[in-house]
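Here's the structure, in structure tokens; my notes come after.
The values are calculated or read from the model by the stated rules, or taken from the named source; none is laboratory data. Computed from a prediction, not measured in an experiment: that's the story for all the values here. With ideal geometry, Cβ positions are generated from the backbone for all residues, glycine too; neighbour counts draw on all protein chains shown. SASA here: full protein model, heavy atoms, side chains in, ligands and nucleic acids out. Shrake-Rupley method; radii C 1.70, N 1.55, O 1.52, S 1.80 Å.
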Amino acid sequence: MKKEDIRICVIGLGYVGLPLARLFSTKYPTIGFDLKKERVEEVMAGHDSTREVDDAMLREAIDKHGFRATSELDDIRGCNFYVVAVPTPVDRNNNPDLRPLYGASETVGKVIGKGDVVVYESTVYPGVTEEECIPVVERESGLKLNRDFYAGYSPERINPGDKVHSVENIKKVTSGSTPETGRLVDDVYSSVIEAGTHLAPSIKVAEAAKVIENSQRDINIAFVNELAKIFHLMGISTRDVLEAASTKWNFLNFTPGLVGGHCIGVDPYYLAQCAQRYGYNPEIILSGRRMNDSMGAYVADRVIKLMLKKGIKVLGSKVLVMGFTFKENCPDVRNTRVIDIVRSLKEYNMDVTVLDPWARPDEVRREYGIELVNALGKDEKFEAAILAVAHEDFKDFDLEAHLERQHVTFDVKGLLPDEITDGRL
């Protein structure tokens, strides 16, 4: 396949797929495929509700570069370079859920032709592309890998809500099922990724590189979360300690907090699952996960103790939780650990109001079964407030106007002024 003959289809138009498809469309004929018709209609109307691609940029891709989105299989049969960018979550038992990947692989198998290439971007443990996904493509298509079609893996590196480190500004790892395929995949990505690419020697190496990136960050945050618990018992400020320690040139300045989202809060489980398949029990990885998963309940416990110390009745008290998305300035609520705070507070029959100007109330209701508001009424008052997500909108938010005379405030993210803050991580 010559690079100038490439016609790209990106399967999955979420936080990863749409920015990538928009970028590819600047150099290649590109179609985006998504099973959700309402998502396709939204994109073709020139709007991205995830806010990863601004409307003007998306409109330019459609009007100037000919990008289009579809949910019809026949529309993508003419493509020859398929990119799979579907979610890879975990189930309620924290086991990898590969069903979206299986479904996308079936879609590819129904349309892929001889000489075509399929590249997976979804985060997986080493071996999934070649041992789980490709057999599905082969079964559906009747074709054989490295004889009739070829495969690659280039792990997504989208950072939701980050307008500086956009897809073209983050170096990309690439790989292929043959050396020639690897070079082709690398050439295609390097033609649009301004930060450059790194061609890994195999698909498994590229898969492993992705899954350890976020596992490493997860473990580092777990360490400072444990420090936060220890320093609280000692009566000293975690942030003061970290500020002092960070004066050393090689100190890694991580901060405590909630760890959710579709990457950091999920990838370690993929790596742990893989390790266990080889007979190894990954103690540090799973210990870090347990620590980070405990932080929501820990925050709720700290708030309740602060209320009791001030003589504020816990039962039936009104509590404001500020922020629900998994990170700041982003509408993504997948695997948000703020829900752990909310559920822990409700166990004490507290009246919890969740405020988030970025999150979509209908999505939160559907996924988590709770009500969320994008704004407060001017007369609403609360006995406690927890700042859980550091949205820019909260910097100018008049929190004091919504607090009862006797109240408690807790700052998870270090955004509130010291004079109105009763507790921090």
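Structure values in brief
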| quantity | calculated |
| --- | --- |
| Test: residue in segment 228-238 that is touching a strand residue (DSSP E or B) at 6+ places or on another chain (Cβ under 8 Å), closer than 20 Å to C133 by Cβ and crowded, with 17+ Cβ neighbours inside 10 Å | no |
| Residue satisfying all of: in segment 160-179; touching a Phe, Trp or Tyr at 6+ places or on another chain (Cβ under 8 Å) and open to solvent by 10 Å² or more (accessible area, probe 1.4 Å); nearest to W358 (Cα to Cα) among these | G176 |
| Residue, modelled with the highest pLDDT, within segment 1-24, restricted to residues that are open to solvent by 20 Å² or more (accessible area, probe 1.4 Å) and assigned to a helix (DSSP H, G or I) | R22 |
| Members of segment 337-357 found to be of a type outside the set (K, R), closer than 29 Å to R289 by Cβ and open to solvent by 50 Å² or more (accessible area, probe 1.4 Å), listed by number | E347, Y348 |
| E156 assigned to a helix (DSSP H, G or I), at pLDDT below 95, under 22 Å from the mean Cα position of the chain (by Cα) and not hydrophobic (A, V, I, L, M, F, W, C) | no |
| Pair list, Cβ < 7 Å and 6+ apart or interchain, from segment 222-240 residues that are closer than 23 Å to G260 by Cα and assigned to a helix (DSSP H, G or I) to residues that are open to solvent by 70 Å² or more (accessible area, probe 1.4 Å) and at pLDDT 95 or above | none |
| Leading residue by the ranking (nearest to E4 (Cα to Cα)) among those in segment 25-56 that are open to solvent by 70 Å² or more (accessible area, probe 1.4 Å) and among the basic types (K, R) | K27 |
| Residue within segment 25-35 that is at pLDDT 95 or above and assigned to a helix (DSSP H, G or I) present | no |
| Inter-residue pairs, beta-carbon under 6 Å, first within 26 Å of A208 (Cα to Cα) and touching a residue at least 24 places away in the same chain (Cβ under 8 Å) and in segment 108-120, second among the hydroxyl-bearing types (S, T, Y) and open to solvent by less than 10 Å² (accessible area, probe 1.4 Å), 6+ apart | V108/Y82; V118/Y82; V119/S154; Y120/T129; Y120/Y153 |
| Residue in segment 125-139 that is touching a Gly at 6+ places or on another chain (Cβ under 8 Å), open to solvent by 30 Å² or more (accessible area, probe 1.4 Å), closer than 27 Å to E180 by Cβ and in contact (Cβ under 8 Å) with a residue 24 or more places away in the chain present | yes |
| Per-region count, segment 201-221, residues touching a residue at least 12 places away in the same chain (Cβ under 8 Å) and open to solvent by 10 Å² or more (accessible area, probe 1.4 Å) | 13 |
| From the options V364, V338, residue that is farther than 20 Å from L416 by Cβ, out of contact with any helix residue (DSSP H, G or I) (no Cβ under 6 Å at 6 or more places or on another chain) and modelled with pLDDT of 95 or more | V364 |
| In segment 40-69, the residues that are modelled with pLDDT under 95 and over 20 Å from P331 (Cα atoms) | none |
| Filter result for V185 (in contact with a Lys or Arg (Cβ under 9 Å, 6 or more places away or on another chain), within 25 Å of L18 (Cβ to Cβ) and modelled with pLDDT of 95 or more) | no |
